[in-house]
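Below is one structure, written out as structure tokens; the observations come after it.
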Amino acid sequence: MTAPAKESPTTAGEQPQRNPTRWLVLGVICLAQLTVLLDNTVLTVAIPSLTEEMGAATSDVQWMINAYSLVQAGLLLTAGSAADRYGRKKLLALGLALFGTGSLGGALSETTGQLIAARAGMGVGGALLMTTTLAVIVQVFDADERTKAIGLWGAVSSLGFAAGPLIGGALLNHFWWGSIFLINLPVALLGLLAVLKWVPESKNPAGDRPDLPGAVLSTIGMTGVTFAIISGPGYGWSSARVLLSAGVGVVVLAAFAVWERRAPYPMLDMAFFRNRRFVGAVSGSVLVAFGMGGSFFLLTQHLQLVLGYDPLQTGLRMSPLALVIVVLNLTGVGARLLPKIGTPVAIAGGMALLAAGLAAIAVLGAHGYGGMLFGLLLMGVGIALSMPAMATAIMSAIPPEKAGVGAGLNGTLQECGNGLGVAVLGAVLNSRFAALVPAVAAGAGSLPAALADARTDAQRAAIADAFATGVHTSQLVGAAAVLAGGLTAALLLRRAERAQ
């Protein structure tokens, strides 16, 4: 790996003195992060309302969700590189402004096309926020406090996950669907004012020239791969649309890698991938996101479609997972354990607990909430232990002046992991469900469609059981993937530490 660049005078002078406002800055950063996460989770419980009140077709609803994900995933690396060059504070403020403007446009939308466009605009702001928040933390906190700060940042992410469905369910029970976007405006405005007042500016002191070819290639490549992952379950993995998108994405990303190795000022230094510590943390991050993204997708469907909970009740029953993460990170449990047990053990232990939680939900929670609650608590402990360790490992393997690109890469990997989790575990669910569904509903593409074909209560019960069995199988697949990822990441990190 290439030697990291020397620290700037500003960075070298501030870190030993420990910026006196660093915890206030972290609060501002977390407020900005909360803005993005609230919108992501609020929208998931609003799908039935959007379908009814806007007359949105299934394809429209998919694009309302996917427009945001596509734009954000495609721009994460570029946004991180721009933040390193032009200033992380400037890009953080711009991200909040764009996200707030997009939220207002979403609330005032009168057609599905307008709402999809607003969601795409919010994706641009979200990409800027996802990269700059973590990059600013790396700049403001020294190595001794960084793990705790990243843990608190992760706790707020979990709080956004827990609060989103609750807030969304409460709003939808009393107001029209546009209220789920208006709730972003005061948070975005407060965040913007706080960023302008308290967050210090930082940028790459070397002043590298913009890598425009790299930015274009990474955006096109990630958009193509993400579109294929999103479209696969609906259109079929062998469809021309999915294969073409995946092929273009992979080819362009390969061209991006070749270009970055030869570019005089690369956006992403490919030498990072020769660092075993970096590769180990990256592998773990993708597979944790895989397990979480797929399991949340399955759990929300199971709670609403099989157990019959409404959106607000679903949010309440999912919240223990996030609350465990919040409590453990706010009390600094993970940050205190990490120096004692080491990064490899923290990641392996955390991901083993996450896998055990997924398995417990599969085995004990198929027909009731009690077993599901136990699994959610295990998952929360595992995530609180492993996620800060992996984020710290990724960011510590990247020079501080490239913190924006590091945060962009971390976000990109999580987006890909989430998308793959939903796609792969969703495909396992659909395959198992199709194999077990009674003959009366054969050919139905979803649980609601199958239930609509049922004629008796016994048939409806059999269909629900088939869906629950599909969820069970999918969760076990996710648990196996997460456990394998944890062991792989820990092994790579252990070898890296021994080599050093």
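Points to keep in mind about this one:
- Rolling a 1.4 Å probe over the heavy atoms of the protein chains gives the chain an accessible area of 40 Å² per residue.
- Sequence ranges 376-387, 191-202, 103-114, 120-131, ranked by mean other-Cβ count within 10 angstrom, highest first: 120-131, 376-387, 191-202, 103-114
- Structure-based [θ]222 nm, the chain - -39500 (n - 2.57) summed over DSSP H runs of at least 4, per residue, nearest 500: -28000 deg cm²/dmol
- Cα-based Rg / Dmax (Å) for the chain: 22.0, 75
- With all protein chains modelled, accessible area of Val28 [1.4 Å, Å²]: 10
- Placing a label point 7 Å from the Cα of Ala480 along the Cα-to-Cβ direction, the residues of region 288-319 with a backbone N closer than 18 Å are 288, 290-292, 294-295.
- In Å², nearest 10: area of Ser69 left accessible to a 1.4 Å probe: 30
- Heavy-atom SASA rank of Glu145, Glu260 (probe 1.4 Å, accessible area, largest first): Glu145, Glu260
- The residues Val437, Val251, Val288, sorted by heavy-atom accessible surface at 1.4 Å with ligands and nucleic acids left out, run Val251, Val437, Val288 from largest to smallest.
- Here the accessible area is traced with a 1.4 Å probe on the protein chains. For the chain, carbon and sulfur cover 66 percent of it.
- Anchor Lys203: lysines whose Cα lies under 25 Å away (excluding residues fewer than 8 positions away in-chain): Lys6, Lys89, Lys90, Lys148, Lys402
The values are calculated or read from the model by the stated rules, or taken from the named source; none is laboratory data. What you see is a predicted model; the values in this text were computed from it and never measured. Glycine gets a Cβ as well: all are built from the backbone with ideal geometry, and neighbour counts include every protein chain shown. All accessible areas refer to the heavy atoms of the entire protein, side chains included, with ligands and DNA or RNA removed. Shrake-Rupley method; radii C 1.70, N 1.55, O 1.52, S 1.80 Å.
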